[in-house]
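The values are calculated or read from the model by the stated rules, or taken from the named source; none is laboratory data. What you see is a predicted model; the values in this text were computed from it and never measured. When we count neighbours, we look across all protein chains shown, and the Cβ atoms used for this are built from the backbone with ideal geometry, even at glycine.
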Amino acid sequence: MPNPPDLVAIVNITEDSFSDGGRFLAPDAAIDHARTLAASGADWLELGPASSNPDAGHVDAETQIERLGPVFAALKEGPLPLSVDATDPAVLEWAVENSIPMINDIRGFPDPATRERVAGSQARLVVVHSLLEASRATRDRVTPTEVLASIDRFFDQRLEELVAAGVSQDRLIVDPGMGFFLGSDPLASVAVLNRIPELRTRFGCPVFISVSRKSFLRTLTGKTIDKAGAATLTAELHAARESADYLRTHDVGALRDGLTIEAALREKR
C-alpha cells in the first residue's frame, strides 16, 4: 500500500441524509459526534449542512449556514482541520469567508463567480464529478464505459476552468463520484475504484474517494445501510491500496484499524 490516505470524517448536520439523517441535526449532537470521530483517528472533519441523496429535500442557504455556524464555532480551534460539503454558492461563500481549509462541492464548482471567489482563498478544493452536475445524485441507468468517459470529459474541462480562474493546481483534488452520483449501475462505481491510479496520473491531482455506505455496495451485497459496514471497509481498503489520497467515511475507527492492520501485515511480510 502507498502512503496512507487522510481520513475525512463525515458530520451530517442534516435531517434526511441517507444513513444518519436527523441524528446530528442539533448542534450539540453534531459537535459531540465530531469530537468522537476526531478521537477515533480522523484527519479532517467534514461538515455537511444539506443532503445530496436522490430523495433529499431542498435546504435553503440561510438554513444551511445556520446549521453550520454553531458547529464551526465549537470546532474551529480544535486539533483537526475542517471541511465543508456544500454546493449552494452562498454557502460556499460563507466557507471562504470563514477560511475553511477544504471545500467539497458535489457539483464541481460550475459557477464562474464561485470559481473566482474560491480562487482568492487558500482552501483545498474537492472537485466532484456527477452525471448531472446537480445538487442531488441520480438513479439514471448509465453503463460503466459511459461513466468513465463522463469523468474524463468533466475533469478535462473543469480543472482547466478552475486554473484559468486563478486556482493553483496544488489546491485541486478530484473526486470521481460514487454510488448514485454515477447512476444506478453498481458496476460503474466498481470500475472507477479500479481506475484510481490512472485518475491520479491523468489529472495530476490527489484523488478523493467516498464509498461509505453507498448504494452500490448495498446493491451488490443485498445488505441494508445498518449492515453495510463490512462492504464499506472492504471498498475503502481497496481504494487505499490503489493510492487514494483521501477517504471520506462515516466509521473512522473501523477504517483506521483496518489501515493499521494492513500496515502491520506489510511490515511483517
Out of (1) at pLDDT 95 or above; (2) surrounded by fewer than 15 Cβ atoms within 10 Å (Cβ to Cβ); (3) within 20 Å of F216 (Cβ to Cβ), what's the single condition that is false for V128? (2)
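May I ask you to list the residues in segment 139-162 that are of a type in the set (K, R), surrounded by fewer than 19 Cβ atoms within 10 Å (Cβ to Cβ) and either assigned to a helix (DSSP H, G or I) or in contact with an Asp or Glu (Cβ under 9 Å, 6 or more places away or on another chain) (or both)? Write out each step before concluding.
Within segment 139-162, the first condition is being of a type in the set (K, R), and the residues that meet it are 139, 141, 153, 158.
Pick out the ones that are also surrounded by fewer than 19 Cβ atoms within 10 Å (Cβ to Cβ) and you get 139, 141, 153.
Those that are of a type in the set (K, R), surrounded by fewer than 19 Cβ atoms within 10 Å (Cβ to Cβ) and either assigned to a helix (DSSP H, G or I) or in contact with an Asp or Glu (Cβ under 9 Å, 6 or more places away or on another chain) (or both): R141, R153.
Residue by residue, here is whether (1) surrounded by fewer than 19 Cβ atoms within 10 Å (Cβ to Cβ); (2) acidic (D, E); (3) touching a residue at least 24 places away in the same chain (Cβ under 8 Å); (4) in contact with a Leu (Cβ under 7 Å, 6 or more places away or on another chain) holds:
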{"residue": "P176", "(1), (2), (3), (4)": "no, no, yes, yes"}
{"residue": "R202", "(1), (2), (3), (4)": "yes, no, yes, no"}
{"residue": "I209", "(1), (2), (3), (4)": "no, no, yes, yes"}
{"residue": "F216", "(1), (2), (3), (4)": "no, no, yes, no"}
{"residue": "T221", "(1), (2), (3), (4)": "yes, no, no, no"}
{"residue": "G229", "(1), (2), (3), (4)": "yes, no, yes, no"}
{"residue": "S243", "(1), (2), (3), (4)": "yes, no, yes, no"}
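Considering only helices (runs of 4 or more DSSP H) fully contained in segment 1-108, which possess at least 2 residues that are under 25 Å from V207 (Cα atoms) and modelled with pLDDT of 95 or more? Quick ask: steps written out before the conclusion?
Numbers: elements: 27-39, 61-75, 89-97.
So the answer is 27-39, 89-97.
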Looking only at segment 109-120, decide whether some residue is of a type in the set (D, E, K, R), closer than 23 Å to G22 by Cα and not in a loop (DSSP other than H, G, I, E, B). no
Breaking point among (1) touching a Ser or Thr at 6+ places or on another chain (Cβ under 7 Å); (2) within 23 Å of G48 (Cβ to Cβ), for D185: (2)
